[in-house]
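Single-structure report; data block below.
The values are calculated or read from the model by the stated rules, or taken from the named source; none is laboratory data. If you're wondering where the values come from, they're calculated on a predicted model, not measured in any experiment. Cβ placement follows ideal geometry from the backbone for every residue including glycine, while neighbour counts extend to all protein chains displayed. In case anyone asks, the SASA skips ligands and DNA or RNA and just uses the protein heavy atoms, side chains included. Shrake-Rupley method; radii C 1.70, N 1.55, O 1.52, S 1.80 Å.
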Amino acid sequence: MISFRRKRLAVAAAATATATLFALCGPVAAEAAPAPAAPSRAAAGDDWLHTDGNRIVDQSGHRVWLTGANWFGFNATERVFHGLWSANLDTVTQQMAQRGINIVRVPISTQLLLEWKNGQAAVPSAVNTWANPELKDKTTLEVFDAFLATARKYGIKVLLDVHSAEADNSGHIHPVWWKGSITTEQFYTAWEWVTDRYKDDDTLVAMDIKNEPHGKQSESPRAKWDGSTDQDNFKYACETAGKRILAVNPKVLILCEGIEVYPKNGTDWSSTAEADYHYDWWGGNLRGAAEHPVDLGAQQDQLVYSPHDYGPLVFQQPWFQGTWDRTTLERDVWDPNWLYLHKNNTAPLLIGEWGGFLDNGPNEKWMKALRDLIVENRISQTFWCLNPNSGDTGGLLNNDWTTWDEAKYALLKPALWQEGGKFVSLDHQVPLGGEGATTGISLSDLYGSG
């Protein structure tokens, strides 16, 4: 029986860093403040994306390749990017752009979105204002706005991911999108609010409805996938949230992840027998989309499916036992769970999480196999993760939050969009790395202005 559990966020490390921050800077008042007016958008607003078969394209129909990384923290108890307790926001963002990351997936919680909506954004204690003087006295919402402005300056786009219901470093372990006082309706309302706030800002181009819905057939609650309108049907939750988001901004991409288990042919969700189900990683099982595809109505061309996939150091899945290679992974795991959607030209894929430690062994073998699949098929992806304090994967940054793990970056680099030796931005005006960048180009540089 697969018993997959991950505690990716190193809570102890974050707590230690926060304690150090207090020693350096003293406590920061956490007073509630009214939500400020929506930020202004200075760019032309021509960077919205949509889909064409299994491709993501710009407004002129040119194919684009979303190749990025995850930076977590807004989902956690700190309510702000991890690492700002020592690193500078502008410096880290510029480094990502210069190294070819053209989109950043930002995990967040429904709880924090509701706090922002209700004017309860507080000044976070986990920001070192000596390292980030421009963030002094800013609330968590204002820090997020500052990040969007910084990303815009360097030609980076942003993908927002509701990672958990509650602001909790281990919140992703909860299997569904409601919890405690956070209801399903509040989940939808939070999405509508954040969409409305940024509807004129094409820096924020995509919404990942919910991170890693999961749960086994015998567990409660658990996420399922079928044609019902049941509360625990994630396909229905994706459609409902997606349509409500698109009613506010019809130009934003909607990302729908998979679940964990799916009934085998001839069985249904009433069975509690392990043998009656197909298993995959949390968020990785999209078998149900074959029989029950997500329907976004008139905005179907905004739909992107977003599986997650990991290696044997995260969990020793059955497919990593015995003799295995890329051929067996593709045949036994990737094809039946999600790759068929790309091969059948049904919809684009964006692998929202993949990554791990380099071990000169099985984990690295898996990572290279998936990387090569991504590159050969130009599948969009956001690597897990930038943060060094991800307990079972490590990060692209070293523990000092300043230097990079060059070996891991070298493995990732071929899966970052490059043309003619330059990294490609998803922005038509701003080259990746910002104005005057020598390492990146804009979409207009690549395709022209037409």
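Using only alpha-carbon positions, what ratio does the radius of gyration of segment 281-383 give when scaled by 2.2 N^0.38 Å? Intermediate values should be presented prior to the final figure.
Details: Rg = 14.0 Å, N = 103, 2.2 N^0.38 = 12.8 Å.
Expressed relative to 2.2 N^0.38 Å, the Cα Rg reads 1.10.
Listed here are the pairs Lys153/Lys365; Lys216/Lys413; Lys157/Lys365; which of them are more than 32 Å apart at the Cα? It would help to have the intermediate numbers written out before the result.
Values: Lys153/Lys365 36 Å; Lys216/Lys413 35 Å; Lys157/Lys365 30 Å.
Flagged as over cut-off: Lys153/Lys365; Lys216/Lys413.
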Burial-style ranking of 64-71, 218-225, 258-265, average other-beta-carbon count within 10 Å with highest first, yields 64-71, 258-265, 218-225
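To the nearest 20 debye, what is the magnitude of the charge dipole of segment 255-409 about its Cα centre, counting +1 on the Cβ of each Lys and Arg and -1 on the Cβ of each Asp and Glu? Intermediate values should be presented prior to the final figure.
Values: 10 positive and 23 negative charges, 63 e Å.
Roughly 300 debye, rounded to the nearest 20.
What are the GluC sites (Glu not before Pro) within segment 344-450 that DSSP puts in a loop, where the Cβ has at most 12 other Cβ atoms within 10 Å?
Numbers: sites: Glu353, Glu364, Glu376, Glu406, Glu419, Glu435; in loops: Glu435.
Sites meeting the loop and neighbour criteria: Glu435.
Using unit Cβ charges (K, R positive; D, E negative) and no other charged atoms, how large, in debye to the nearest 20, is the dipole of segment 138-295 about its Cα centre?
Values: 17 positive and 26 negative charges, 88 e Å.
Using only the charged Cβ atoms, the result is roughly 420 debye.
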Decide, for segment 127-177, between rounded, prolate and oblate: order the square roots of the alpha carbon gyration tensor eigenvalues as a ≥ b ≥ c, take rounded if a/c falls under 1.5, and otherwise choose prolate if a/b is larger than b/c, else oblate.
oblate
Could you go through segment 374-382 in sequence order and give the Karplus-derived ³J(HN,Hα) for each residue, using 6.51 cos²θ - 1.76 cosθ + 1.60 with θ = phi - 60°, rounded to whole Hz, and x for Gly and Pro?
4, 5, 5, 9, 6, 7, 5, 7, 10
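About the Cα centre of the chain, how large is the charge dipole given +1 on each Lys and Arg Cβ and -1 on each Asp and Glu Cβ? Please answer in debye to the nearest 20. Spell out each step's value before the answer.
Details: 39 positive and 55 negative charges, 72 e Å.
Result for the chain is approximately 340 debye, rounded to the nearest 20.
For the chain, calculate the relative contact order in percent as a whole number, restricting contacts to Cα pairs under 8 Å that are 6 or more residues apart. Provide the component values of the computation, followed by the final result.
Values: 967 pairs, mean separation 89.2, N = 450.
Relative contact order, the chain: 20 percent.
Evaluated at 25 °C with a viscosity of 0.890 mPa s, what Stokes-Einstein diffusion coefficient in µm²/s does the chain have when Rh comes from the Kirkwood expression over alpha-carbon pairs? Kindly include the intermediate steps, with their values, before the conclusion.
Numbers: Rh = 21.9 Å.
For the chosen part, D equals 112 µm²/s.
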With the dipole of segment 316-360 defined by +1 on each Lys or Arg Cβ and -1 on each Asp or Glu Cβ, the option from Trp324, Asn337, Trp354 whose Cα lies farthest towards the positive pole is Asn337
Ignoring ligands, DNA and RNA, please state the percent of accessible area on the chain from carbon and sulfur, probe 1.4 Å.
49 percent
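With a probe of 1.4 Å, find how much accessible area the chain has per residue, and write the answer as a whole number in Å². Each step should come with its number before you reach the end.
On the way: 15590 Å² over 450 residues.
Computed with neighbouring chains in place, this is 35 Å² per residue.
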Quick query: amide H of His278 versus all other amide H atoms, modeled in the peptide plane; which residues come in under 5 Å with a sequence gap of 5 or more or a different chain?
Tyr262, Lys264
In nm, to one decimal, how far is the modelled label at Ser271 from the one at Asn360, with both set 7 Å along Cα→Cβ?
4.5 nm
